Amino acid sequence: MKTVEWNFTTHKLQMIDQRLLPGTFEVAVFDDYRAVGQAITDMVVRGAPAIGAAAGFALGLAANQSAATTPEGLLTDLKSAADLLKKARPTAVNLAWALDRILNTLTPSPSLKRRGEAPPLPGGEGWGEGSLQSLRAAVLTEAQRIADEDVEINQRMAHHGAELIADGDTVIHHCNTGALATVDWGTALGVIRMAHKQGKNIHVLVDETRPRLQGSRLTAWELEQYGISYDIISDNAAGYFLSNGQVDKVFVGSDRTAANGDVANKIGTYMLALAAYDNGVPFYPVVPTSTIDLSLATGAEIPIEERDQAEVLSLTFQGQAAFPEGASARNPAFDITPHRLVTGIVTENGVAYPPYLENLRKVVNVKTS
Ligand code: MRU
């Protein structure tokens, strides 16, 4: 199954529970949008595109849950559901992007509002009878469109990115950016998958990705299934491998990329980029245009989520806590890699190279028919 999937028979949302992998494969089922918001916070589902898709379907649940008897009432309920969902995780822009995209398809344009005309509801209906059902259906249609597009966009990115990988390359990958971080296929891991599918012999050094171990738990699990050769490394070993010529390229994802090419991604990405830069190893974030936030001038404006210290303090060593009793910890979930360390940004519309201020805008604004 896909990571995030709407069940059209039960009208419920199904998501792979990523907290339990690799030991247990379990599908969590949701019929309440608030529970989906909590599942995003708790990282049942994680990865920027997957979070966006989940939030879209959560809005579909909110539409079904609403007791509104008028289209205006339903829109009010949907907006407050979207406000709640947007708070689930702050860094990944795909969350707000997906919710706003759906709401924008439902909200009358300002000019229609001014003229007091009925909004162009899907199916061409007005505010009359049947509108409530049309609105509910429209939420789900757009949520499904976002999910379907995600898979198609990932495969386009994968084709562009795979051109950067040569036969025999060893690459470092951070966190999990595969099928589990998206609806299906993946971003940075999708590029690696595509190169493998093209017959290139590649080896992946998998950063284990403290503290939640998305690398060793999820990326390694995916690589096993694809038959791609890998070794797990502790995050602090990356500099060693980069400095002694054992790595050809670095591929990572992004939760939000600013207009100047600064990249927010899983904590540890910045150190990885520094070590890659210092050793002349190309560093490529793989980023769908939905993750590029042109409204933010630099990465300094990207909100960074700080999670519970318990995630850092859960480590045990030889069966005992790996820290003294009463120890405290800090747990930022993401960091910002400045654009000067970024070789190129792979998108579904091609690879953007510096100057990013100019070239990111070009890839974002490519019109696809
Ligand atoms: O905290 P997570 O596991 O949601 O973080 C995920 C990442 O940092 C990914 O690199 C990012 O979402 C891009 S994945 C397609």
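Quick test of your reading of the structure: D167 fulfils all but one of (1) more than 26 Å from F334 (Cβ to Cβ); (2) part of a helix (DSSP H, G or I); (3) assigned by TED's automatic domain parsing to the domain that holds S243. Name the failing condition by number.
In the conditions (1) more than 26 Å from F334 (Cβ to Cβ); (2) part of a helix (DSSP H, G or I); (3) assigned by TED's automatic domain parsing to the domain that holds S243, D167 misses (2) alone.
Given (1) open to solvent by less than 20 Å² (accessible area, probe 1.4 Å); (2) in a helix (DSSP H, G or I); (3) within 16 Å of the ligand (Cβ to nearest atom), where does A195 come up short, assuming only one miss?
(3)
Looking at T170, T182 in this structure, which one is more than 30 Å from P71 (Cβ to Cβ) and within 13 Å of the ligand (Cβ to nearest atom)? Steps first, please.
Working: T170 fails: within 13 Å of the ligand (Cβ to nearest atom).
The match here is T182.
Would you check which residues across the stretch 250-277 are away from the ligand (no atom under 16 Å from the Cβ) and either out of contact with any strand residue (DSSP E or B) (no Cβ under 7 Å at 6 or more places or on another chain) or basic (K, R) (or both) and list them?
A259, N260, L274, A275
Restricting to the stretch 41-88, name every residue that is part of a loop (DSSP other than H, G, I, E, B), in contact with a Leu (Cβ under 7 Å, 6 or more places away or on another chain) and more than 15 Å from the ligand (Cβ to nearest atom).
Going through the stretch 41-88, the residues part of a loop (DSSP other than H, G, I, E, B) turn out to be 43-47, 66-70, 87-88.
Subsequent filtering for residues that are in contact with a Leu (Cβ under 7 Å, 6 or more places away or on another chain) retains 47, 66, 68, 88.
The answer is S66, A68.
Of the residues A48, A54, which is under 25 Å from N176 (Cβ atoms), surrounded by 23 or more Cβ atoms within 10 Å (Cβ to Cβ) and without any contact (Cβ under 8 Å) to a residue 60 or more places away in the chain? If you could, list the steps in order and put the result at the bottom.
Details: A48 fails: without any contact (Cβ under 8 Å) to a residue 60 or more places away in the chain.
Of the residues listed, the single one that is under 25 Å from N176 (Cβ atoms), surrounded by 23 or more Cβ atoms within 10 Å (Cβ to Cβ) and without any contact (Cβ under 8 Å) to a residue 60 or more places away in the chain is A54.
Which of the residues spanning the stretch 223-255 are crowded, with 18+ Cβ neighbours inside 10 Å and either without any contact (Cβ under 8 Å) to a residue 12 or more places away in the chain or touching a helix residue (DSSP H, G or I) at 6+ places or on another chain (Cβ under 6 Å) (or both)?
Of everything in the stretch 223-255, those that are crowded, with 18+ Cβ neighbours inside 10 Å and either without any contact (Cβ under 8 Å) to a residue 12 or more places away in the chain or touching a helix residue (DSSP H, G or I) at 6+ places or on another chain (Cβ under 6 Å) (or both) turn out to be I228, Y230, I232, A238, L242, V247, V250, F251, V252, G253, S254, D255.
If you go through the stretch 224-238 one residue at a time, do you hit one that is within 15 Å of the ligand (Cβ to nearest atom), at positive phi, in contact with a Ser or Thr (Cβ under 8 Å, 6 or more places away or on another chain) and at pLDDT 95 or above?
Checking the stretch 224-238: not a single residue is within 15 Å of the ligand (Cβ to nearest atom), at positive phi, in contact with a Ser or Thr (Cβ under 8 Å, 6 or more places away or on another chain) and at pLDDT 95 or above.
For L205, indicate whether it is open to solvent by less than 40 Å² (accessible area, probe 1.4 Å), modelled with pLDDT of 95 or more and farther than 27 Å from D308 by Cβ. Quick ask: steps written out before the conclusion?
Working: open to solvent by less than 40 Å² (accessible area, probe 1.4 Å): yes; modelled with pLDDT of 95 or more: yes; farther than 27 Å from D308 by Cβ: yes.
It is true that L205 is open to solvent by less than 40 Å² (accessible area, probe 1.4 Å), modelled with pLDDT of 95 or more and farther than 27 Å from D308 by Cβ.
Could you check the stretch 289-369 for strands (runs of 3 or more DSSP E) lying wholly inside it with 2 or more residues that are assigned by TED's automatic domain parsing to the domain that holds L274 and surrounded by 19 or more Cβ atoms within 10 Å (Cβ to Cβ)?
Details: elements: 334-337, 345-347, 350-352.
The qualifying strands (runs of 3 or more DSSP E) are 334-337, 345-347.
The values are calculated or read from the model by the stated rules, or taken from the named source; none is laboratory data. Since the model is a prediction, treat every value here as computed from it, not as a measurement. Methodologically, a virtual Cβ is constructed for each residue, glycine included, from the backbone with ideal geometry; neighbour enumeration extends over all protein chains shown. Keep in mind that these areas ignore ligands, DNA and RNA; they rest on the heavy atoms of the full protein, side chains included. Shrake-Rupley method; radii C 1.70, N 1.55, O 1.52, S 1.80 Å.
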